[in-house]
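Below is one structure, written out as structure tokens, with a few remarks after it.
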Amino acid sequence: MLTSPAPPRPVAPSDDLARCAEVLAALLPYRRTLDTGHGDTPDCFPAQLGQLAVPVAAGEPIVFTLPGFPCKSPNPAKVLGHLPDEGERLALRFLDALCARIAAHHPPGARVVICSDGHVFSDLIQVPDRDIDAYADALRALIHDEGLTRLDVFDLRDVYGQRLSHDAKRSLVHERYAPGLETLRSLTRSDEPTRRLYQGITRFLFEDSVAFAGTRSALQRSCRRRAYGVMQRSRAWGELIAAHHPGTVRLSIHPQPRGSAKFGIRLLEAPDAWLTPWHSCVLEHADGRRELMHRADAERLGRLVCRQGRPSHFMAG
């Protein structure tokens, strides 16, 4: 006669806390930050410990949400094309492997929902929506082909379907969730992390405006204006993600200070704390180390490598 399995032993709160600390300790080596100094410990991140406590206490998988992977930069001096390449492949494999390592501390496991945000501000970063669709579709195919079972992709198509235009979807997100422009301008003046984010986005927009026909000063004004729009939409996207994926642990591809509700995550080695696979390409060194850098720099140091008939990365030496 078969008997029902014994119910799982309740985990004491102190055990919960220890397990949360172990999970957070697995993330700390990859923290993306502009903070100076060392010595980060799980106790330095109470917001993340609180976010982890819910699934850990319930014995459920930990779900991380990561806004990012929007599209490739339109600047050909930075990237190899408009589709994912070795940079995205390595970053996705890293995220999947990180979830596997977390399972050693939290047996129910973990997964990452990649919240691909290209359509949210494609009009502001001046990338065609068709290129963003192609990038997101290729990203899903890459996850499938690599067997990365701990990753999912979420974008505006999952929210509003296929019937509405991209402009209509952006308007709905902005109207419902975006903060006021003056609120952001005030924060940029008074809050250091917000000021750094504004400056970083402005710099990216300036570098990526390769087809601008006006003067340099006019381009600078345009980038500053659009940077505020990107920040508004980015915050709106964050609110939408929270509404559609409640109870998740929020990761960020931007540097985040200690005490932030978001945990900055470094996907690959790079000399710039703001650099991502979609603003760069991979240079593989002779010792096997891979590093993100702009295409113009990588092609001076290595030879182009193709994968499945497409440019993939550069090999040094």
**Message:** On the basis of being more than 30 Å from residue 206 (Cβ to Cβ) and not basic (Lys, Arg), does residue 136 make the cut?
**Reply:** no
**Top-ranked residue of the stretch 26-35 - restricted to ones that are farther than 19 Å from residue 59 by Cα and assigned to a helix (DSSP H, G or I), ranked as least open to solvent (accessible area, probe 1.4 Å)** = 27
**Item:** Tally of residues being closer than 17 Å to residue 295 by Cα and of a type in the set (Gly, Ala, Ser) across the stretch 78-102
**Value:** 2
**Prompt:** Here is a list of conditions, (1) under 29 Å from residue 196 (Cβ atoms); (2) open to solvent by 50 Å² or more (accessible area, probe 1.4 Å), and residue 111 meets all of them except one; can you say which number that is?
**Reply:** (1)
**Request:** Test each condition in (1) in a loop (DSSP other than H, G, I, E, B); (2) open to solvent by 10 Å² or more (accessible area, probe 1.4 Å) for residue 124 and report the one that comes out false.
**Result:** (1)
**Request:** Search the stretch 155-178 for residues being crowded, with 20+ Cβ neighbours inside 10 Å and closer than 30 Å to residue 98 by Cα, and hand back the single one that is nearest to the chain's Cα centre (by Cα).
**Result:** 155
**Asked** Got at least one residue in the stretch 134-153 being over 19 Å from residue 66 (Cα atoms), of a type in the set (A, V, I, L, M) and either assigned to a helix (DSSP H, G or I) or open to solvent by 30 Å² or more (accessible area, probe 1.4 Å) (or both)?
**Response** yes
**Asked** residue 172: out of contact with any Leu (no Cβ under 6 Å at 6 or more places or on another chain), closer than 22 Å to residue 240 by Cβ and modelled with pLDDT of 95 or more, yes or no?
**Response** yes
**Request:** Identify, by number, the condition in (1) closer than 28 Å to residue 231 by Cβ; (2) surrounded by fewer than 16 Cβ atoms within 10 Å (Cβ to Cβ); (3) in contact with an Asp or Glu (Cβ under 6 Å, 6 or more places away or on another chain) that residue 50 doesn't meet.
**Result:** (3)
**Message:** I'd like the full set of residues that are under 16 Å from residue 229 (Cβ atoms) and in contact with a Phe, Trp or Tyr (Cβ under 9 Å, 6 or more places away or on another chain), limited to the stretch 137-177.
**Reply:** 169, 170, 172, 173, 177
**Prompt:** How many of the residues making up the stretch 54-79 are open to solvent by 40 Å² or more (accessible area, probe 1.4 Å) and either part of a helix (DSSP H, G or I) or under 22 Å from residue 31 (Cα atoms) (or both)?
**Reply:** 4
**Message:** Please pick out the residue among 119, 82, 106 that is assigned to a loop (DSSP other than H, G, I, E, B), touching a helix residue (DSSP H, G or I) at 6+ places or on another chain (Cβ under 9 Å), open to solvent by less than 20 Å² (accessible area, probe 1.4 Å) and not charged (D, E, K, R).
**Reply:** 106
**Prompt:** Under 8 Å by Cβ, and 6 or more places apart or on different chains, what pairs join a residue from the stretch 298-313 that is of a type in the set (Lys, Arg) and at pLDDT below 95 with one that is open to solvent by less than 80 Å² (accessible area, probe 1.4 Å) and assigned to a helix (DSSP H, G or I)?
**Reply:** 307/86
**Asked** Residues in the stretch 234-252: is at least one aromatic (Phe, Trp, Tyr) and under 18 Å from residue 27 (Cβ atoms)?
**Response** no
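The values are calculated or read from the model by the stated rules, or taken from the named source; none is laboratory data. Bear in mind that the values here come from a model prediction, so they are computed numbers and not experimental data. Note: ideal-geometry Cβ built from the backbone for every residue, glycine included; neighbour counts use all protein chains shown. Side chains are part of the model used for accessible areas, which takes the heavy atoms of the whole protein and leaves out ligands, DNA and RNA. Shrake-Rupley method; radii C 1.70, N 1.55, O 1.52, S 1.80 Å.
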